[in-house]
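What follows draws every value from the coordinates through simple rules; no lab data is involved. From a predicted model like this one, the values you see are computed outputs, not experimental measurements. Glycine gets a Cβ as well: all are built from the backbone with ideal geometry, and neighbour counts include every protein chain shown.
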Amino acid sequence: MDGASEFAIFWRIILPLAKPALAVVALFQFIGSWNDYFGPLIYLSDKSLYTVSLGIANMRGALRFQ
């Protein structure tokens, strides 16, 4: 692209080619954060501050023994 600035080259060429890779990285990061169980369990002691995954696991454990 003759005469294009560095930003235009990045925006029009590099970014469209990198979108699938960025989407996969974002998906893996989301799944890793969602499935993180022991990190919040170690740091949080108040049940009102639990993450969604900890709350669901806590409910499953409470319902299992009824």
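Laid out as a table, the results:
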| read-out | value |
| --- | --- |
| Förster radius 22 Å - calculated FRET efficiency between Ser33 and Arg12, Cβ distance, rounded to 0.05 | 0.10 |
| Karplus-derived HN-Hα couplings along the stretch 8-19 (A = 6.51, B = -1.76, C = 1.60, θ = phi - 60°), whole Hz, x at Gly and Pro | 5, 5, 4, 5, 9, 10, 6, 4, x, 6, 8, 4 |
| Label point distance in nm, Ser5-Ala23, each placed 7 Å from Cα along Cα→Cβ | 2.9 nm |
| Extension reserve of the Asn58-Tyr43 stretch, reckoned as 0.36 nm per residue once the Cα distance is removed | 3.8 nm |
| Over the chain, equivalent-ellipsoid semi-axes from the Cα gyration tensor in Å | 45, 12, 7 |
| Rounded tilt (10° steps) of 52-64 against the dominant C-alpha axis of the chain | 30 degrees |
